[in-house]
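A short write-up of the structure that comes next.
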Amino acid sequence: MKGKIIVSAVSLILVVGVVIGAVVVSNNKNKDPQITERQNAVKAMCQNTEDQKLCHDTLGNVRNSSDPKAFLAAAVEASANNVIKALNMSNKLSVEQGNSTQGIVKMALDDCKDFLESAMDSLQASIDFLGNNTIQTLIDQSPDFKNWLASVVSYQQACMDGYDDKADGAPQVRTQLQENGLDDMGKITGIALDMMADLESILNQFGLKIKMNPSARRLLEVDGEGYPTWFSASDRKLMARMRRGRGHHIRPNVVVAQDGSGQFKTIMDAINSYPKGFQGRYAIFVKAGTYREYVVIPKTAVNILLYGQGTDKTIVTGSRNNVDGYTTSDTATFVNMANGFIAKYMTFVNTAGPEKHQAVAFRNQGDMSACFDCSFVGYQDTLYAQTNRQLYRNCDISGTVDFIFGVSTTLIQSSRIIVRKPMDNQFNTVTADGRIQKNLPTGTVIQNCDIVPENALFPVRFKIRSYLGRPWKQYARTVVMESRIGDFIQPEGWTPWAGNAYLNTLYYAEYNNEGPGANVARRVRWPGYKGLISRNEAAQFTAGIFLKGGPTSRAEDWMKPLHVPFDIGLTKA
């Protein structure tokens, strides 16, 4: 991996003229005009970054001071260098610690290495993109570029959050990683995101007249059945077959069946059958049954369609949990690491129960992924929407504490959010968004959903406190809009994470909701709570804008092959 990044970095240097080296400044009072020009350019790039000193230190050696893209490239390369540094330290710690640490620390180290390698993939995509495209293309495809950078921050946070301070050796291991690349990879990536947020001002100062409102921002309509009008004929036929027979009318690549009527008896064996270098959509049909296994789709198995015979028939279940010695990431019954993943007509369960605390049913880090007509069942931390762009449509998601969480760009649409009965000493929080930096494009959006109590909670729904969410990280962003909210949600709506932490910097908002729990008259009075936002502001969190992606930065470009109906904009007049 290290060799790969160095080769790409060299190519990038040739393209944009980024040179990482020492800058010799003359003691002569008459400054070199080129140095002055570079200093002014660095000042323009760094003017609105959160850590201006680190920004200046990172960009100070860029020679091609007339190209803003060169400065962005320098930041991305610096972040990649810190990922390599952190990876080397994680390998060193794995060898040094050996069997001297608790199992959960070793598990956290292994997780961290996986996350760092995924971060490197995102940075590699960023490096290649900057080296091969113009400033105009950078603007037109900025959602992709920002998403790659955001995923790096998400992976960094997942790495740090994996270390339980109560485990012997965990704080020391985390500190060594933080001091050896982990902290700086997040900070420098944040600087790149800050520069992207300020790009229009920066380009003006560079004297570049670039079109900042590309036509790719337009929204497209959907047809009467809820399918985008740009679906090809083959897409429509496939979706029609899926709807009529829940998959019986399409020919899968492989079939999973516990009774031996398919090629495989386990889902994981079917995943392992994914051919190297496969092109297109790899369809895996999972026949009815309860599959007691832990499934991981590797990042190399892209564009998998995994579908069952219905949420009441095809069930994947496990019971790993934090109390029994697993990191939150490793508690997941089902993990998807691959881009373009689709799940349909299936249920994913973690049966650990509320007393076992963190117990993930489904962890997803695949970009441009979607789940349709699925159920996610657990208690605390049911759905870990870890990173990248994700869509959930027509799903049931149930749990108690922070049961929809992550650092991703996630839209949950036309689904049921089912709040369960927790332990007597617990309260319920639907969401716990982990947005850690102000310019991350991430957040959790719940649109046109029903937020309801389960049957077991209903009789005691006024005794057990339930909230729409709490801020897991400093810039947590959650929007609930066009949804129906039950009477069991507390009048204040939201609850703090710890004291007054994050209340000034979070972004919580509501728009055009219905039901007794939608009354905002007694909502929290935090500076970060936006209350009822305008229609124009709410539109920024619809699929057409919030989930933008693909070669022309449109949500529909990556959602097009998903074969699922969705709403591109707001659903109510």
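The values are calculated or read from the model by the stated rules, or taken from the named source; none is laboratory data. None of the values given here were measured: they were computed from a predicted structure. Positions of Cβ are backbone-derived with ideal geometry, glycine not excepted, and every protein chain shown enters the neighbour counts.
For the range 88-109, which residues satisfy the criterion of being modelled with pLDDT of 95 or more and surrounded by fewer than 17 Cβ atoms within 10 Å (Cβ to Cβ)?
Passing the criteria: only 88.
Kindly indicate whether residue 513 is polar (S, T, N, Q) and touching a strand residue (DSSP E or B) at 6+ places or on another chain (Cβ under 7 Å).
Working: polar (S, T, N, Q): yes; touching a strand residue (DSSP E or B) at 6+ places or on another chain (Cβ under 7 Å): yes.
Yes; evaluated as a whole, the condition is true for this residue.
Specify which of the listed residues (471, 459) is outside any loop (DSSP other than H, G, I, E, B) and over 16 Å from residue 412 (Cα atoms).
Working: 471 fails: outside any loop (DSSP other than H, G, I, E, B).
Residue meeting the stated conditions: 459.
Does residue 299 meet the test of being modelled with pLDDT of 95 or more, within 19 Å of residue 403 (Cα to Cα) and among the basic types (Lys, Arg)?
Numbers: modelled with pLDDT of 95 or more: yes; within 19 Å of residue 403 (Cα to Cα): no; among the basic types (Lys, Arg): yes.
When the stated conditions are applied, residue 299 does not pass them.
Does any residue of the range 237-250 turn out to be touching a helix residue (DSSP H, G or I) at 6+ places or on another chain (Cβ under 8 Å), at pLDDT 95 or above and either surrounded by 15 or more Cβ atoms within 10 Å (Cβ to Cβ) or on the phi > 0 side of the Ramachandran plot (or both)?
Within the range 237-250, none of the residues are touching a helix residue (DSSP H, G or I) at 6+ places or on another chain (Cβ under 8 Å), at pLDDT 95 or above and either surrounded by 15 or more Cβ atoms within 10 Å (Cβ to Cβ) or on the phi > 0 side of the Ramachandran plot (or both).
Please pick out the residue among 430, 377, 360, 407 that is surrounded by 24 or more Cβ atoms within 10 Å (Cβ to Cβ), farther than 28 Å from residue 475 by Cβ and out of contact with any Pro (no Cβ under 9 Å at 6 or more places or on another chain).
Numbers: 430 fails: farther than 28 Å from residue 475 by Cβ; 360 fails: farther than 28 Å from residue 475 by Cβ; 407 fails: farther than 28 Å from residue 475 by Cβ.
Only one candidate qualifies: 377.
For residue 454, work out the one condition from (1) farther than 18 Å from residue 403 by Cα; (2) among the charged types (D, E, K, R); (3) surrounded by fewer than 19 Cβ atoms within 10 Å (Cβ to Cβ) it doesn't fulfil.
Residue 454 satisfies every listed condition except (1).
Do you know which residues across the range 348-371 are under 18 Å from residue 313 (Cβ atoms) and more than 21 Å from the chain's Cα centre (by Cα)? Outline the logic, then answer.
First, pick out the residues of the range 348-371 that are under 18 Å from residue 313 (Cβ atoms): 348-349, 351, 361-362, 371.
Answer for the range 348-371, where residues must be under 18 Å from residue 313 (Cβ atoms) and more than 21 Å from the chain's Cα centre (by Cα): just 351.
Kindly indicate which of 159, 112 is of a type outside the set (D, E, K, R), closer than 22 Å to residue 54 by Cβ and in contact with a helix residue (DSSP H, G or I) (Cβ under 9 Å, 6 or more places away or on another chain).
Numbers: 112 fails: closer than 22 Å to residue 54 by Cβ.
Going through 159, 112 in turn, just one is of a type outside the set (D, E, K, R), closer than 22 Å to residue 54 by Cβ and in contact with a helix residue (DSSP H, G or I) (Cβ under 9 Å, 6 or more places away or on another chain): 159.
Could you give every pair whose Cβ atoms fall below 6 Å, whose first residue belongs to the range 286-307 and is touching a residue at least 24 places away in the same chain (Cβ under 8 Å), and whose second residue is polar (S, T, N, Q) and not in a strand (DSSP E or B), counting only separations of at least 6 or pairs across chains?
The qualifying pairs are 288/309; 289/258; 293/266; 302/339.
Just to verify a result, which residue in the range 280-295, among those that are among the aromatic types (Phe, Trp, Tyr) and more than 18 Å from residue 310 (Cβ to Cβ), is modelled with the highest pLDDT? Talk me through it step by step, then tell me what you get.
Just the residues of the range 280-295 that are among the aromatic types (Phe, Trp, Tyr), to begin with: 282, 285, 291, 294.
Next, only the ones that are more than 18 Å from residue 310 (Cβ to Cβ) stay: 282, 294.
Details: 282: 94, 294: 98.
Within the range 280-295, the match that is modelled with the highest pLDDT is 294.
Mind counting the residues in the range 467-493 that are of a type outside the set (Val, Ile, Thr), farther than 22 Å from residue 440 by Cα and buried (at least 24 other Cβ atoms within 10 Å of the Cβ)? Reasoning before the result, please.
Initial filter on the range 467-493 (of a type outside the set (Val, Ile, Thr)): 467-477, 481-484, 486-488, 490-493.
Next, only the ones that are farther than 22 Å from residue 440 by Cα stay: 467, 482-484, 486-488, 490-493.
Next cut, buried (at least 24 other Cβ atoms within 10 Å of the Cβ) only: 483.
So the count comes out to 1.
How many residues are in contact (Cβ under 8 Å) with a residue 12 or more places away in the chain, more than 23 Å from the chain's Cα centre (by Cα) and either in a helix (DSSP H, G or I) or crowded, with 16+ Cβ neighbours inside 10 Å (or both) if we restrict to the range 45-59?
Initial filter on the range 45-59 (in contact (Cβ under 8 Å) with a residue 12 or more places away in the chain): 45-51, 54-56, 58-59.
So of that shortlist, the ones also more than 23 Å from the chain's Cα centre (by Cα) come out as 45-48, 51, 54-56, 58-59.
After this cut, where a residue has to be either in a helix (DSSP H, G or I) or crowded, with 16+ Cβ neighbours inside 10 Å (or both) as well, the list is 45-46, 54-56, 58-59.
Number satisfying all stated conditions: 7.
Can you say whether residue 28 is surrounded by fewer than 18 Cβ atoms within 10 Å (Cβ to Cβ), in a loop (DSSP other than H, G, I, E, B), more than 31 Å from the chain's Cα centre (by Cα) and modelled with pLDDT under 50, as far as the supplied structure shows?
Details: surrounded by fewer than 18 Cβ atoms within 10 Å (Cβ to Cβ): yes; in a loop (DSSP other than H, G, I, E, B): yes; more than 31 Å from the chain's Cα centre (by Cα): yes; modelled with pLDDT under 50: yes.
Answer is yes for this residue.
Can you list the strands (runs of 3 or more DSSP E) found entirely within the range 302-413 that contain at least 2 residues being charged (D, E, K, R)?
Working: elements: 304-307, 314-318, 334-336, 342-344, 347-350, 362-364, 369-372, 375-377, 383-385, 389-393, 396-399, 401-406, 409-413.
In the range 302-413, the matching strands (runs of 3 or more DSSP E) lie at 389-393.
Residues to consider are 290, 327, 331, 351; find the one that is closer than 16 Å to residue 382 by Cα and surrounded by fewer than 20 Cβ atoms within 10 Å (Cβ to Cβ). Even if it seems obvious, please write down each step before you answer.
Numbers: 290 fails: closer than 16 Å to residue 382 by Cα; 327 fails: surrounded by fewer than 20 Cβ atoms within 10 Å (Cβ to Cβ); 331 fails: surrounded by fewer than 20 Cβ atoms within 10 Å (Cβ to Cβ).
Of 290, 327, 331, 351, the one residue that is closer than 16 Å to residue 382 by Cα and surrounded by fewer than 20 Cβ atoms within 10 Å (Cβ to Cβ) is 351.
How many of the residues making up the range 494-525 are among the hydrophobic types (A, V, I, L, M, F, W, C), surrounded by fewer than 19 Cβ atoms within 10 Å (Cβ to Cβ) and out of contact with any Gly (no Cβ under 8 Å at 6 or more places or on another chain)?
3
Of all residues in the range 53-67, which are at pLDDT 95 or above, more than 14 Å from residue 185 (Cα to Cα) and of a type outside the set (D, E, K, R)?
Of everything in the range 53-67, those that are at pLDDT 95 or above, more than 14 Å from residue 185 (Cα to Cα) and of a type outside the set (D, E, K, R) turn out to be 56, 59.
Only one residue in 452, 480 is outside any loop (DSSP other than H, G, I, E, B), under 19 Å from residue 432 (Cβ atoms) and not small (Gly, Ala, Ser), so which one is that?
On the way: 452 fails: under 19 Å from residue 432 (Cβ atoms).
Going through 452, 480 in turn, just one is outside any loop (DSSP other than H, G, I, E, B), under 19 Å from residue 432 (Cβ atoms) and not small (Gly, Ala, Ser): 480.
Residue by residue through the range 256-272, note down the ones that are assigned to a loop (DSSP other than H, G, I, E, B), surrounded by 15 or more Cβ atoms within 10 Å (Cβ to Cβ) and touching a residue at least 12 places away in the same chain (Cβ under 8 Å). Outline the logic, then answer.
Start the filter on the range 256-272 by keeping residues that are assigned to a loop (DSSP other than H, G, I, E, B), which leaves 257-263, 265-266.
Filter once more, keeping what is surrounded by 15 or more Cβ atoms within 10 Å (Cβ to Cβ): 257-258, 262-263, 265-266.
Residues satisfying the conditions are 257, 258, 262, 266.
Please count how many residues of the range 309-359 are closer than 15 Å to residue 287 by Cα and in contact (Cβ under 8 Å) with a residue 40 or more places away in the chain.
Qualifying residue count for the region: 7.
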